[in-house]
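Only the coordinates and a few stated rules stand behind these numbers; no lab work does. Note that this is a predicted model, so its numbers are computed, not measured. All Cβ positions, glycine included, derive from the backbone under ideal geometry; neighbour counts span all protein chains shown.
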Amino acid sequence: MKTVIVIGASGKIGQAAMKGLGNHRVITASRSGEGCDYRVDTTDKASLRALFESVGKFDAVVSAAGHCEYAPFTSMTDEQWEATIQGKLVGQMNIVKVGLDHIEDGGSFTLISGILNVKPMPEGIADATTSGAIDTFVKCVAYELPRGIRINAVNPTVIEEAWSVYGEMMPGYQPVPGALVGKAFERCVDSFITGQVIFVDA
Ligand SMILES: NC(=O)c1ccc[n+]([C@@H]2O[C@H](COP(=O)([O-])OP(=O)(O)OC[C@H]3O[C@@H](n4cnc5c(N)ncnc54)[C@H](OP(=O)(O)O)[C@@H]3O)[C@@H](O)[C@H]2O)c1
């Protein structure tokens, strides 16, 4: 049994991730802290440091946290770009940067990206761009991680549990069950893989 911190645990992807982590001691966190063990803001390194210090020893961090703005490129404002870059990309890089000072030897980080960087949709440019950056970050930073620490990304299509929110924006996409995305997170935490992007698509 590993101790796994799930950040963004209250969200749709966080709930899906936890379906695959039943064999572990799971500690939950989110921005508001509602329904979770801890409150954390991934865009604030001090907040992440406080979370990791409070938890103490842990073997894995699963990130399901992310905020994205949706708009056509021609009308996307600087503020919308900044909110997505900080909320989805930089926040997850912060988890790794700060988490490295605290995670056990042989531990793992698993980040969330999303299918839009390989299957673009209208108004999805900020999500697509940050998802591509997360996939690249994971593939390349894996070579630099010390102490046998691993890193992977889960890159899912929309999940069934979120179809009521995104379905209208995504004609022609087939949602997948959250439990399948949970399997991808499980594999990232329990296997020996590193530097991988696990696509979950129909
Ligand atoms: N839903 C899908 O089908 C799907 C598919 C592929 C990829 N994704 C990606 O997965 C990520 C999560 O999506 P979701 O649908 O699960 O969203 P969601 O239901 O809105 O949940 C987002 C979660 O992240 C937390 N969070 C947001 N910003 C945070 C921050 N700065 N610090 C800490 N926690 C933060 C939220 O906490 P609070 O609620 O407390 O604010 C919540 O727990 C997004 O990047 C999304 O693009 C989603």
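Given Cβ point charges of +1 (Lys, Arg) and -1 (Asp, Glu) and nothing else, what value in debye, to the nearest 20, does the dipole of the chain about its Cα centre take?
600 debye
Taking 21 Å as the straight-line reach from the Cα of Lys183, the lysines in range (excluding those fewer than 8 positions away in the same chain) are Lys2, Lys12, Lys19, Lys139.
Remark: the Glu104-Asp190 segment gains 29.5 nm on full extension, using 0.36 nm per residue and subtracting the alpha carbon distance. Within 10 Å, at most 14 other Cβ atoms, and a DSSP state outside H, G, I, E, B define an exposed site. Report the longest part of the chain free of exposed chymotrypsin sites (Phe, Trp or Tyr not before Pro). That would be 74-191. Relative to the longest principal axis of the Cα atoms of the chain, the long axis of helix 45-55 lies at roughly 50 degrees. Here each label is just a point 7 Å from Cα along the line to Cβ, and for Arg25 and Cys140 those points are 3.7 nm apart. Within the chain, what's the longest stretch lacking trypsin sites (Lys or Arg not before Pro) that sit in DSSP loops with no more than 14 other Cβ atoms inside 10 Å? The reported range is 58-146. Distant-in-sequence amide contacts of Ala153, defined by a placed amide H-H separation under 5 Å and a gap of 5 or more residues or a different chain, comprise Leu111, Gln196, Val197, Ile198.
Simple spin-label estimate for Lys45 and Val118 gives 3.2 nm between the two label positions (7 Å along the Cα-to-Cβ direction from each Cα). Modelled this way, with points 7 Å down the Cα-to-C-beta line, the labels at Ser75 and Asp201 are 2.8 nm from one another. Highest mobility in the GNM of the chain, judged by mean-square fluctuation with C-alpha springs under 10 Å and restricted to Gln15, Gln86, Gln174, is found for Gln174.
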